[in-house]
Amino acid sequence: MEEILIAGFGGQGVMSMGQLIAYAGMSEGMHVSWLPSYGPEQRGGTANCAVVVSGEQVGSPLVSQPTTAIVLNNPSYDKFEPSVRSGGLLIVNASLVSKSSKRTDINVLDIKATDLANDLGNPKVANMILLGAFLGETGLLPDSAILDALKKVLSPEKHSLLELNQRALSLGRSLVQVTM
């Protein structure tokens, strides 16, 4: 069972990352839950979502000690870095997060996702780079399941963005090795 917490400012693709994981998990025959939480973004808070992907029924959509946290900004880092369970994974958008974890009991991936997304020509795919790194590190789902979910989530007039998102996902995956 993977319990994932994704957090950042509104507009960074936090909710869509969670939805893509949930939809892809369902398409792969897994049990999933997706629980969005919108904080006081106007006052510097975070928007986040919890996703649970399991081979068995999900007992609760609440995630208090995630196996993985993906954080896209400093407030999210401050709030969720301490909650990652021992042995877990913390993925950080190092382009926007100025801090480094001192924890030795978790695996930390610092990825300059926004910088890499800018290199691809669109800063909005930073979330897909981080998602690709998560998939590469955990081996939870194949890229094909994420891309199939993306085709269903994106409106037909935005299908021109599929190729860019696929490149971002592949780039993120290429930054890590599966450590299973």
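A short reminder: the numbers here are calculations on the coordinates, not readings from a lab. Fair warning: this is a prediction, and the values are worked out from it, not measured in the lab. Here the Cβ is made from the backbone with ideal geometry for all residues, glycine too, and neighbour counts use every protein chain on show.
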| Under a straight-distance cross-link criterion of Cα-Cα below 19 Å, which aspartates and glutamates are reachable from LYS151, leaving out those fewer than 8 residues away in the same chain? | GLU28, ASP143, GLU163
| task | Based on the mean of other Cβ atoms within 10 Å per residue, sort peptides 61-72, 14-25 so the most packed one is first. | result | 14-25, 61-72
| task | Run a plain Debye calculation on region 87-180 (Cα atoms as equal point scatterers, no solvent) and give log10 I(q)/I(0) at q = 0.12, 0.17, 0.18 Å⁻¹, rounded to two decimals, same order as the q list. | result | -0.39, -0.73, -0.81
| task | Return the distance in nm (one decimal) between the two label points of a simple spin-label model at SER160 and SER100, each offset 7 Å from Cα along Cα→Cβ. | result | 4.2
| Modelled label-to-label distance, ASP78 and SER54, 7 Å Cα→beta-carbon offset: nm? | 3.3
| Proxy reagent accessibility, fewest Cβ within 10 Å first, across LEU147, LEU109 | LEU147, LEU109
| remark: Listed residues ASP119, ASP148, ASP78; largest mean-square fluctuation, Gaussian network over the chain with Cα springs below 10 Å, found at ASP119
| query | How many angstrom lie between the C-alpha centres of region 101-130 and region 136-180? | reply | 14
| Beta bridges per DSSP with both ends in the chain, % antiparallel, nearest 5 | 55
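In the structure displayed, which of LYS112/LYS158; LYS99/LYS152; LYS79/LYS158; LYS79/LYS124 lie more than 30 Å apart, Cα to Cα?
LYS99/LYS152; LYS79/LYS158
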| field | Centroid-to-centroid separation of region 54-92 and region 18-39 [C-alpha atoms, Å] | value | 14
| Net charge contributed by nearby residues that have their C-beta within less than 15 Å of GLU56 (K/R +1, D/E -1) | -3
